[in-house]
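This structure is in structure tokens; I'll ask about it shortly.
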Amino acid sequence: MNWLGFSLLALGLWGAWGFLAKVASLHLPSQVAYLLTISGHLVVVGYLLAGGLGPVVWQPWGVGAALGAGIAMAVGLLFFFEALARGPATVVVPLTALYPAVAVLLSRLFLQEALTLRHLAGLALAVAAVWLLSE
């Protein structure tokens, strides 16, 4: 499967995740919903350590970045569940879905990746879409 296939799978699964997270937050305290959600990661970790998707290669900078990404994701997910417990999914999910904008800006600043007028227009439209979805 190529990048597009994996991207579409991620899109669908993340969409289901946002919906199921709200359902969980309606029935469980945010801390419990969070703990159960991250427990699902253990299944995937086991699969990967068993050789799923190929051999695991360890590089020092990659390990540090991956651990940092995991911490950022874990804390962000905890805040996401708390936001869902306190607010409507129709606002929380689209707003937090703007996270790629942060990645784009950080990639520009620290990795010197290109940021064109087209990219800036896309970011502006994404912000407008979140505003329209949350009304």
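Please go through the range 111-135 and give me each residue that is in a helix (DSSP H, G or I) and under 24 Å from L77 (Cα atoms), ordered by number.
Matches in the range 111-135: L123, A126, V127, A128, A129, V130, W131, L132, L133.
Within the range 22-45, is even one residue touching a residue at least 12 places away in the same chain (Cβ under 8 Å), under 26 Å from L125 (Cα atoms) and part of a helix (DSSP H, G or I)?
yes
Tell me the residue from S134, S107 that is at pLDDT 90 or above and surrounded by 10 or more Cβ atoms within 10 Å (Cβ to Cβ), please.
S107
Yes or no, residue by residue, for (1) assigned by TED's automatic domain parsing to the domain that holds L120; (2) surrounded by 12 or more Cβ atoms within 10 Å (Cβ to Cβ); (3) touching a Ser or Thr at 6+ places or on another chain (Cβ under 8 Å); (4) assigned to a helix (DSSP H, G or I):
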| residue | (1), (2), (3), (4) |
| --- | --- |
| L13 | no, no, no, yes |
| G52 | no, no, no, no |
| A65 | no, no, no, yes |
| E82 | no, yes, yes, yes |
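Can you name every residue in the range 66-92 that is farther than 29 Å from P29 by Cβ and at pLDDT 90 or above?
None; the set is empty.
Separate question: Of everything in the range 93-104 that's surrounded by 14 or more Cβ atoms within 10 Å (Cβ to Cβ) and free of Cβ contacts under 8 Å to residues at least 24 places away in the same chain, which residue is nearest to H27 (Cα to Cα)?
T96
The values are calculated or read from the model by the stated rules, or taken from the named source; none is laboratory data. The model shown is predicted, which means the values in this text are computed figures rather than measured ones. Cβ coordinates were reconstructed from backbone atoms using ideal geometry, including for glycine residues, and neighbour counts include every protein chain displayed.
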